[in-house]
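Taking it in order: structure first as structure tokens, then the write-up.
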Amino acid sequence: MPIELTGGCRVSRLREGAARDLGTVRVWQHAGRESGAAAISLRVLEVGPGRSPRLGGAACDEVLYVFEGAGALLFDGGSRPIGTDTGFYIPPGARFEIEASAPMTLVSSRCPDPGESAEAAATGAPPAVVRLDERISETTGDRWYKVLLDHRVGRSQVTQFVGAIPPGRAPDHYHEYEEVLCILQGRGRMWAGDRSTSIERGSCIYLPRRQMHCVENTGDSELRLLGAFYPSGSPAVRYYDPAAGPS
């Protein structure tokens with residue numbers, strides 16, 4: 001069962017709970033409208049070998065990240081290779097397939113989460129694909145982050161980023177948006193208010209808007225995480241006093 005922390009913060013394992021089968025794709029839903037999120041979702045997709053059924057088509061932006069594995073993203077008009085540490089953006093209404101020679105694991109966020117709404121007509125815009133090692137590293141304090149996808153790439157309304165946290169615990173803070181995280185490497189603790197739980201590679205986290213929180217790195221090396229939030233903005237923006245609000 002997912003672990004509930006203060007204010008609706010929720011932590012689950014990568015493949016926790018019942019999965020929905022879509023042919024050769026299995027989907028675990030960790031956050032979305034049906035679980036109390038206002039606008040963001042967090043899903044884990046396990047893609048079996050071969051070509052997947054057609055995915056996408058929802059009336060929202062979708063950003064995905066290859067947690068592990070390699071293959072190809074197939075879409076109307078082309079294909080792009082994708083592998084571990086690749087992010088890609090799917091525009092509203094766009095359809096795509098994944099072709100894999102071995103199982104792949106993807107982490108997906110859809111914003112605004114369409115829930116069970118009807119599919120949308122495609123806008124005609126192509127997907128955007130980026131690799132982590134191609135992005136510029138930015139620093140905030142003793143941490144670094146790289147933005148893969150945002151309004152500057154494919155006009156995504158979602159920001160997808162990878163960040164690194166050194167050993168230790170930074171001050172608690174909050175954001176003016178909902179956020180989802182997936183731990184890529186390392187171990188630590190997820191704090192929400194005065195409650196916490198252990199996290200490790202594959203931990204999936206949902207953070208409500210304005211919830212005070214902190215990711216603590218309890219290891220002796222870098223903790224790396226994937227994050228997504230909506231609407232698009234900078235991962236460096238944070239607030240420390242919930243009573244004062246944004247300045």
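Where a number appears in this text, it was derived from the coordinates with a stated rule and is not lab data. All values reported here derive from a predicted model rather than from experimental measurement.
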Find the centroid of the Cα atoms in the range 1-37 and in the range 120-194, then give the distance between the two in whole Å. 19
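How large, in Å, is the chain by the Kirkwood hydrodynamic radius built from its alpha-carbon pairs? Can you show the working numbers first?
On the way: mean 1/r = 0.0552 Å⁻¹.
Kirkwood radius, the chain: 18.1 Å.
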Distribution of pairwise C-alpha distances over the range 117-247, 5 Å bins, in %: 2, 10, 18, 22, 20, 13, 8, 5, 2, 0
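For the range 16-131, what does the alpha-carbon gyration tensor say about shape, rounded, prolate or oblate, given a ≥ b ≥ c as the root eigenvalues, a/c under 1.5 as rounded, and a/b over b/c as prolate? Mind showing how you got there, number by number?
On the way: a/c = 1.63, a/b = 1.16, b/c = 1.40.
Verdict is oblate for the range 16-131.
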